[in-house]
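Only one structure is covered here, and it is reproduced in the block below.
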Amino acid sequence: MGVIPESNVDVLIVGAGPAGLMMATWMAKCGINARIVDKRGTKIFNGQADGLQCRTLEILDSLGFGHRAWREANHMLEICLWNPDENGIIRRSDRIPDTIPGISRFQQVVLHQGRIERFFLDSIAEASEIRVERGVMPSSLKIDESAVEDDAAYPITITLRHLTEEEATPKQSSTSANGQSVQDGLFRSNLAKDDTQDLLDASKINAKANSEEVIHAKYMIGADGAHSWTRNQIGLKLEGDSTDYIWGVLDIVPITDFPDIRMRCAIHSADCGSIMVIPRENKLVRLYIQLTTTGKTGDNSGRADRSKINPQMILESAQRILAPYKITYRKLDWWTAYQIGQRVGTSFSVHERVFLAGDAVHTHSPKAGQGMNVSMQDSFNLGWKIASVVKGHAHRSILKTYQSERRRIAQDLIAFDHKFSRLFSGRPAKDVMDAEGISMEEFKAAFEKGNMFASGIAVNYGASAIVAKEGSSEEQGDGTDVSVANAKHRVISDQSLCAGITVGMRIPSHKVLSQADARPWHLHEVLPSNGRWRVIVFAGNTNEDRQRDKLWKLSEVFSAPNSFLSLYTPKGARYDGVFEVLLIHNAPRQSVTVLDFPEVFRPYDEIDGWDYNKIFVDDVSYHEGFGNIYGALGIPQDGCIVIVRPDQYVSYVGSMEKPAAVNSFFAGFMKGQQAPDEAQTNGTKV
Ligand code: FAD
């Protein structure tokens with residue numbers, strides 16, 4: 001037997017589903033030495049998750065490919081609620097907007113998981129040399145506990161095994177339904193034309209089959225799905241409700257006289273159960289049907305016998321629920337049946353070295369379309385933090401905020417799912433005396449309220465070193481210590497300054513104009529996900545002496561040798577490599593020019609000259625109206641400073657008169673890069 005090769009990598013990602021690919025995208029964008037492996041020979045090509053909530057679209061847009069999803073996806077604008085009338089016949093009882101109007105510039109859409117994965121793969125390839133290594137899975141994991149606090153150490157040792165092509169290929173069902181054979185997704189998907197390279201790569205797997213290699217990693221992410229090998233290795237458990245529901249899912253091109261088949265519908269029949277209709281891309285429609293409410297189909301284990309479920313049986317359930325309307329199909333694209341517990345991991349990491357993300361650490365029903373969204377958002381939360389620690393910009397302490405922030409979201413999700421499942425699955429009440437039935441008014445109210453949660457916009461992270469607001473880690477209920485690294489740096493936001501920006505939530509987006517060329521931008525468009533912090537100064541009307549004075553004093557503090565810019569930007573890095581300082585004023589655009597503002601907002605570079613992309617104005621555009629960001633966010637005429645994390649969540653809101661608070665905030669967790677006496681006045685021409 002030959003020598004087993006060994007190598008070091010900063011970050012190893014196990015699993016190339018949505019959670020793993022999001023992590024790999026951060027690594028690619030931040031220039032981190034990372035590898036990503038998946039036991040499967042190819043990505044998936046159809047089926048599985050499909051709903052993209054509006055916050056996820058904002059995130060994909062910040063990564064540079066939201067427009068691809070937006071263009072290809074089916075847009076869902078309205079939800080129709082169908083319930084039995086007094087004769088037990090289903091009727092449309094209500095219509096509500098699918099996405100609450102005004103909460104985002106995107107609305108909920110549906111597109112299958114394979115396409116989303118395609119966009120990630122293209123983005124990773126564009127930004128880096130990282131490629132998903134398929135047909136590879138870990139076979140052992142060891143952590144050197146004595147080295148976990150050493151930034152330079154590689155305390156994780158993993159053995160990777162390369163599989164044969166046969167081992168790496170999932171078994172495809174070739175079930176016959178309506179006399180039709182359900183083919184392997186590889187050949188039937190009309191969206192798969194740019195997956196040729198994946199197929200070629202898959203055929204190369206055998207060249208390395210049965211070989212092993214040893215990897216030493218600084219950090220590892222187990223994004224390896226609900227049966228997570230990584231979770232088992234590190235001894236973490238999922239806890240929660242053990243009463244499982246069995247779900248049948250059909251993706252079909254339907255033939256039906258049901259009039260709302262192109263709307264998202266929640267349909268409660270009088271006695272035959274409930275169905276969720278999801279209109280999809282390419283004339284597809286997904287039907288979600290709960291096949292049992294007890295999770296028991298006769299065996300003693302309490303678990304369902306999935307082998308008894310097939311597409312014909314799911315279709316027949318749908319036909320009973322939809323009667324007197326008729327439904328059948330000409331094409332079955334994909335189907336599945338699965339049993340989902342509502343469970344959350346007891347912990348999301350060990351030693352803040354090995355992390356779990358996505359289905360590996362929470363499972364729940366698919367009804368609210370949250371699975372893929374929450375999984376991607378887990379690693380969207382974690383990726384930039386790991387990148388800044390690996391690069392030596394931030395202390396390891398910020399990694400604790402992954403669990404404190406995301407575990408609570410997972411718990412909220414399970415609570416939401418629990419309530420929603422009960423209301424969705426229950427039999428409609430026959431009248432007010434029918435205590436066991438579900439009130440359809442209650443269902444509608446829960447749906448409307450749930451829409452805010454389901455949009456992803458409601459996420460509000462608790463107090464920590466990177467979220468400067470009142471509250472302690474204890475209030476987050478998981479015992480995680482995420483208090484500031486050093487109490488003397490503790491900074492608290494003045495949340496009363498602007499009603500429209502909530503510390504801990506993502507900053508809302510409205511249009512602003514570039515001062516230099518009058519082009520309108522959505523605020524989020526100028527906050528791309530590239531690992532940088534943003535310090536946004538809303539300076540008010542800078543034609544007023546008071547505001548102008550405050551702005552110039554603030555810029556002196558930001559440009560000083562002991563400022564956050566000077567202390568925490570590595571020597572030799574670009575002036576905005578770690579922090580971007582942005583200005584949004586509301587003096588009339590035509591009354592000022594970029595050169596009227598302090599140089600910290602238009603940094604000078606010997607090669608590129610002035611940077612014209614950091615000063616914006618809240619004014620009327622020629623072609624796209626008036627963003628009115630000051631009005632929409634409640635920015636006071638006194639102005640304010642807002643610190644925005646690399647993932648667009650707000651860390652701090654404070655007065656323009658206290659610019660040194662920004663230094664104190666970053667002192668809580670950033671690592672000094674150079675001594676103050678040798679620091680240059682950052683980003684200014686001196
Ligand atoms: P996954 O998408 O499960 O990705 C995990 C990846 O890890 C896979 O690529 C897998 O091959 C790889 N992997 C696993 N173990 C190892 C290992 N030991 N070594 C290397 N690689 C490994 N959600 C919905 O919203 N609607 C649906 O209809 C729906 N249907 C689903 C049907 C099925 C059969 C499954 C499994 C899930 C479904 N989901 C659905 C859930 C949704 O797909 C997930 O919530 C989402 O994909 C989670 O993303 P993830 O990256 O965490 O995990």
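The values are calculated or read from the model by the stated rules, or taken from the named source; none is laboratory data. Note that the coordinates shown come from a computational prediction; the quantities given were computed from them, not determined experimentally. Cβ: placed from backbone, ideal geometry, glycine included. Neighbour counts: every protein chain shown.
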message: Among the numbered criteria (1) within 28 Å of Tyr338 (Cβ to Cβ); (2) modelled with pLDDT of 90 or more; (3) not β-branched (Val, Ile, Thr), which one does Leu191 miss?
response: (2)
Per-region count, region 429-441, residues at pLDDT 75 or above and either loosely packed, with under 13 Cβ neighbours inside 10 Å or under 17 Å from Ile289 (Cα atoms) (or both): 1
message: Based on this model, can you work out whether Gly114 counts as over 22 Å from Gly456 (Cα atoms) and either under 23 Å from the mean Cα position of the chain (by Cα) or not acidic (Asp, Glu) (or both)?
response: no
Within region 71-94, considering residues that are out of contact with any strand residue (DSSP E or B) (no Cβ under 7 Å at 6 or more places or on another chain) and closer than 13 Å to Phe119 by Cα, the one farthest from the ligand (Cβ to nearest atom): Arg71
message: Just the residues that are hydrophobic (A, V, I, L, M, F, W, C), near the ligand (Cβ under 10 Å from one of its atoms) and surrounded by fewer than 24 Cβ atoms within 10 Å (Cβ to Cβ), please, taken from region 350-381.
response: Ala368
field: Contacts under 7 angstrom Cβ, first residue in region 1-17 being free of Cβ contacts under 8 Å to residues at least 60 places away in the same chain, partner assigned to a loop (DSSP other than H, G, I, E, B) and within 15 Å of the ligand (Cβ to nearest atom), 6 or more apart
entry: none
field: Single residue of region 382-403 satisfying the filter (away from the ligand (no atom under 16 Å from the Cβ) and either aromatic (Phe, Trp, Tyr) or not in a helix (DSSP H, G or I) (or both)) that is surrounded by the most Cβ atoms within 10 Å (Cβ to Cβ)
entry: Ala394
message: With of a type in the set (D, E, K, R), part of a loop (DSSP other than H, G, I, E, B) and at pLDDT below 95 as the only criterion, which of Asp271, Asp260 stands out?
response: Asp271
- request: Within region 24-70, track down each residue that is among the polar types (S, T, N, Q), in a loop (DSSP other than H, G, I, E, B) and away from the ligand (no atom under 15 Å from the Cβ).
  value: Asn33
task: Determine if region 141-150 includes at least one residue that is within 12 Å of the ligand (Cβ to nearest atom) and surrounded by 14 or more Cβ atoms within 10 Å (Cβ to Cβ).
output: yes
Hey, Leu77 out of contact with any Gly (no Cβ under 9 Å at 6 or more places or on another chain) and not hydroxyl-bearing (Ser, Thr, Tyr) or not: yes
query: Scanning for something free of Cβ contacts under 8 Å to residues at least 24 places away in the same chain, part of a helix (DSSP H, G or I) and of a type in the set (Gly, Ala, Ser), does region 145-166 turn up at least one residue?
result: yes
query: Pairs under 7 Å by beta carbon, first residue among the aromatic types (Phe, Trp, Tyr) and modelled with pLDDT of 85 or more in region 365-380, partner near the ligand (Cβ under 7 Å from one of its atoms) and not in a loop (DSSP other than H, G, I, E, B), six or more apart or different chains?
result: none
query: Going through region 389-428 one residue at a time, which ones are of a type in the set (Phe, Trp, Tyr) and at pLDDT below 95?
result: Phe416, Phe420, Phe424
statement: The residue that is farthest from the ligand (Cβ to nearest atom), considering only those in region 404-425 that are within 23 Å of Gly531 (Cβ to Cβ) and surrounded by fewer than 24 Cβ atoms within 10 Å (Cβ to Cβ), is Ser404
query: Does region 278-291 include one or more residues that are at pLDDT below 75, surrounded by 22 or more Cβ atoms within 10 Å (Cβ to Cβ) and under 21 Å from His364 (Cβ atoms)?
result: no
- request: Filter region 329-349 down to residues that are farther than 14 Å from Arg407 by Cα and either more than 8 Å from the ligand (Cβ to nearest atom) or not hydroxyl-bearing (Ser, Thr, Tyr) (or both), then give me how many there are.
  value: 11
message: Restricting to region 543-556, name every residue that is within 18 Å of Leu497 (Cβ to Cβ) and crowded, with 17+ Cβ neighbours inside 10 Å.
response: Gln547, Lys550, Leu551, Leu554
task: Name every residue in region 1-23 that is more than 11 Å from Glu117 (Cα to Cα) and within 6 Å of the ligand (Cβ to nearest atom), in order of residue number.
output: Val14, Gly15
statement: Checked pairs for region 20-33, first more than 17 Å from Ala360 (Cβ to Cβ), second part of a helix (DSSP H, G or I) and within 12 Å of the ligand (Cβ to nearest atom), C-beta under 6 Å and 6 or more apart or across chains, list as Thr25/Phe120
- prompt: Which residues, counting only those in region 123-139, are farther than 16 Å from Phe65 by Cα and of a type in the set (Val, Ile, Thr)?
  reply: Ile130, Val132, Val136
query: Does region 648-672 hold any residues that are within 28 Å of the chain's Cα centre (by Cα) and farther than 21 Å from Pro570 by Cα, and which are they?
result: Gln648, Tyr649, Val650, Ser651, Tyr652, Val653, Gly654
field: Test: Val592 is of a type outside the set (S, T, N, Q) and in contact with a Phe, Trp or Tyr (Cβ under 9 Å, 6 or more places away or on another chain)
entry: no
statement: For region 85-112 the number of residues that are out of contact with any helix residue (DSSP H, G or I) (no Cβ under 9 Å at 6 or more places or on another chain) and either assigned to a strand (DSSP E or B) or free of Cβ contacts under 8 Å to residues at least 60 places away in the same chain (or both) is 8
Index of the failed condition, Tyr622 passing every other in (1) surrounded by 15 or more Cβ atoms within 10 Å (Cβ to Cβ); (2) more than 30 Å from Thr25 (Cα to Cα): (1)
